[in-house]
Amino acid sequence: MKSRCTKIVGILLSAIIFWGCPTGSRKDENEITRKPEIVLRIASMNLDNYHKRIEQRTLTALAKVLKHEQVDVFAVQGISRYPGVASRIDFIDELSRITEWRNAFGEMMNVSGHQTGNAVFSSYPILSFQNQPFDHLKKGWFDASLQATIDAGVRSLAIVSVHLPSQAAAEEETRCLRLITALIPDEKTQTTVITGNLPASEAIRVSSLLTEVRQSESHSSTIPRIWYSANLSFQLLSSHTVETEFGKLVIAQFGLFQQK
């Protein structure tokens, strides 16, 4: 009986000491945990394998998915459109009308009224945009990247929607990415997100000083990769994919933190 009482007293004393004296680990956890100023959801989709005629219902369904997923910025690659053809529903104009988003479009090719290109849609203001064709790197290339600067409140973001040449060798992909990153201003004032059919090469990505959003499922060329400039003020919170009639939609959720 005496030994049992001694044990109980010992447990109580340990509890008093533990709760009465805060440990260093508890303090560290409080210091590390920060709430972002803004949570930004960036989505990306490649339309290379979508060969059907665009219909109103499919765009309406896509807009519902984007709203349900609370997407703020949407980058699309490989868009086909027929400007001026009344019988064709325009992907850019109609999706912007339904979502009430701003948009920027960068042309890759225009043949007999059939136009292809990349786009960035944003619920935030688009401050500027610039298209970077790759046709001067090699004859017969009709690919490009579109960079849009978004005003996200806490800071501006460079969102780059990229469509690289499908048959490009590693050194050619590196040249394309150098052209893309050359357009991006100083990282001290702007954060960068690049998305599209980016190369699987770890060496090419690392040379660009960017981090990849890793996908849990097996990757294919039609599922866009997302690279971003990770720093204390811009951090990945989560990512996932959603199936749509147009193909896989990749969504990455980022936290924008106040710069110190």
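Residue count for the stretch 133-157, restricted to those that are buried (at least 18 other Cβ atoms within 10 Å of the Cβ) and closer than 26 Å to residue 169 by Cβ: 7. In a residue-by-residue description of the stretch 167-178, the property of being touching a residue at least 60 places away in the same chain (Cβ under 8 Å), surrounded by 22 or more Cβ atoms within 10 Å (Cβ to Cβ) and more than 28 Å from residue 89 (Cα to Cα) applies to no position.
Which count do you get for residues in the stretch 144-156 that are of a type in the set (D, E, K, R) and in contact with a Ser or Thr (Cβ under 8 Å, 6 or more places away or on another chain)? Within the stretch 144-156, residues that are of a type in the set (D, E, K, R) and in contact with a Ser or Thr (Cβ under 8 Å, 6 or more places away or on another chain) number 1.
Being within 23 Å of residue 39 (Cα to Cα) and in contact with an Asp or Glu (Cβ under 8 Å, 6 or more places away or on another chain) is a description that does not apply to residue 133. If you go through the stretch 112-135 and pick out every residue that is of a type in the set (Ser, Thr, Tyr) and more than 14 Å from residue 74 (Cα to Cα), you end up with 3.
Restricting the stretch 61-100 to residues that are assigned to a loop (DSSP other than H, G, I, E, B) and either small (Gly, Ala, Ser) or within 18 Å of residue 249 (Cα to Cα) (or both), the residue that is modelled with the lowest pLDDT is 84.
Within the stretch 117-129, the set of residues being in contact with a Leu (Cβ under 9 Å, 6 or more places away or on another chain) and over 22 Å from residue 90 (Cβ atoms) comprises just one member, 124. Could you list, in sequence order, the residues of the stretch 30-49 that are under 27 Å from residue 126 (Cα atoms) and either in a loop (DSSP other than H, G, I, E, B) or of a type in the set (Ser, Thr, Tyr) (or both)? Matches in the stretch 30-49: 35, 36, 37, 44, 47, 48.
The values are calculated or read from the model by the stated rules, or taken from the named source; none is laboratory data. Keep in mind it's a predicted model, so treat the numbers as computed, not measured. With ideal geometry, Cβ positions are generated from the backbone for all residues, glycine too; neighbour counts draw on all protein chains shown.
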